[in-house]
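Asks: Structure in structure tokens, see below.
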Amino acid sequence: MTLHSLPLFVRLHGRPVILVGEEEAAAPKRRLLERAGAIVVGEDDATARLAIVADDEAAVARLKARGILVNAVDRPDLCDFTLPAIVDRAPVIVAIGTGGVSAGLAAALRQRLEALLPASLGRLADALYAARGALRTHYPDGGARRRAIGAALAAGGTLDPMEDHGGADVVAAIAASGAATGVERLRLTSTDPDDLTLRQVRLLGAADRVTHRADVPPAILNRARADALRQRTEATPSDDHPGLTVDVEMA
């Protein structure tokens, strides 16, 4: 499955961004850019590399001809990049995009996530950042460290991010997480990734290695971490790999 767009988080603080359009149409974009610390400039600025254009197709063409990446408001066919709906739990930012085809859908999903994600999520992120040195000392091996953190942050884990953990000692919570190791076997009855159970999704996301048969579709395998080792094999894997191996086959 090909991604429609590659999501990127761009630091705009102190950088110029061109904004073109009538005030009513451009005002929400101006507020968003200023919130990100960007310097809003006009079309003639020679240093900007990004532009947002509202209701001016001719300006889109002129800017693209200069090699500037353009967001054309409500014109996804003309966009080089789109602006997502945002859930802000600084420093955690959740961005919801639809490739520009439905701002209403993105907004509806944002409202649902706003209600689900605790206000303390940003504090948990800060605590994890502050604990990096202690975690490296406690887990010198990077793989073991990643597995322990992943287990702690899993649903129902000692640091489940959907819960408020207040001033919890994150190092102690991660040490108590009990990361999974060994081999877990998944026998799937459907090639549709939407039919995966919550347990199957969790195991794929936690796996250090994914072994699979030739008929397992890429859409299933893509539920694993990008850095997880993938091995196509017709044999049942042995338990000789560090961390968690998930073996996938079709029924």
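The values are calculated or read from the model by the stated rules, or taken from the named source; none is laboratory data. Small disclaimer: the values here were computed from a predicted structure and weren't measured. Reconstructed Cβ throughout: ideal geometry from the backbone, glycine too, with neighbour counts over all protein chains shown. Ligands, DNA and RNA are excluded from the accessible area calculation, which covers all protein heavy atoms including side chains. Shrake-Rupley method; radii C 1.70, N 1.55, O 1.52, S 1.80 Å.
Asks: Measuring from the lowest to the highest alpha carbon on each principal axis, how far does region 72-175 reach, largest first, in angstroms?
Replies: Taking max minus min along each principal axis of the Cα atoms, region 72-175 gives 51, 27, 20 Å.
Asks: Net charge near Arg223: determine it from the other residues with C-beta under 11 Å of the C-beta of Arg223, scoring Lys and Arg +1 and Asp and Glu -1.
Replies: For residues surrounding Arg223, the net value is +1.
Asks: Counting C-alpha atoms alone, how compact is region 146-192: give Rg to one decimal and Dmax as a whole number, in angstrom.
Replies: Rg, Dmax (Cα atoms, Å): 13.9, 43.
Asks: Please give the contour-minus-distance gain from Arg213 to Thr191: 0.36 nm per residue of separation, less the Cα-Cα distance, rounded to one decimal in nm.
Replies: Using 0.36 nm per residue and subtracting the Cα-Cα distance, I get 6.7 nm.
Asks: Amide H neighbours of Val183 under 5 Å, counting only residues 5+ apart in sequence or on other chains, H built in-plane at 1.01 Å?
Replies: Thr245
Asks: If I model a spin label as a point 7 Å beyond the Cα along the Cα-Cβ vector, how far apart are those points for Val183 and Leu221 in nm?
Replies: 1.9 nm
Asks: Normalising by the residue count of the chain, find the relative contact order in percent from Cα pairs under 8 Å and 6+ residues apart.
Replies: Values: 390 pairs, mean separation 29.3, N = 251.
Relative CO of the chain lands at 12 percent.
Asks: Counting only protein heavy atoms, what percent of the accessible surface of region 169-251 is carbon or sulfur at a 1.4 Å probe?
Replies: Result for region 169-251: 48 percent of the exposed heavy-atom area is carbon or sulfur.
Asks: Would you pull out the residues with amide H under 5 Å of Arg225's amide H, same chain only if 5 or more places away, H placed 1.01 Å from N?
Replies: The list, which skips near neighbours in sequence, is Ala207.
Asks: Want the number for His241 to Leu78: 0.36 nm per residue separation, take away the alpha-carbon distance, what's left?
Replies: Between His241 and Leu78, full extension yields an extra 53.9 nm.
Asks: Another question, then. Please give the length that would be gained between Ala27 and Leu229 if that part of the chain were fully extended, namely 0.36 nm times their separation in residues minus their C-alpha to C-alpha distance (nm, one decimal). Don't skip to the end; give the middle numbers.
Replies: Working: separation 202, 0.36 × 202 = 72.72 nm, distance 4.67 nm.
Separation in residues times 0.36 nm, less the Cα-Cα distance, equals 68.1 nm.
Asks: Kirkwood hydrodynamic radius, computed over distinct alpha-carbon pairs, for the chain: how many Å, to one decimal?
Replies: Details: mean 1/r = 0.0468 Å⁻¹.
About 21.4 Å for the chain.
Asks: Could you tell me what fraction of 2.2 N^0.38 Å the Cα radius of gyration of region 121-228 comes to, as a two-decimal ratio?
Replies: 1.19
Asks: Roughly how many Å² is the accessible area per residue of region 72-227, as a whole number, for a 1.4 Å probe?
Replies: 55 Å²
Asks: Taking the Cα centroid of region 62-82 and of region 192-209, what is the distance between the two, rounded to the nearest whole Å?
Replies: The distance from the Cα centre of region 62-82 to that of region 192-209 comes to 37 Å.
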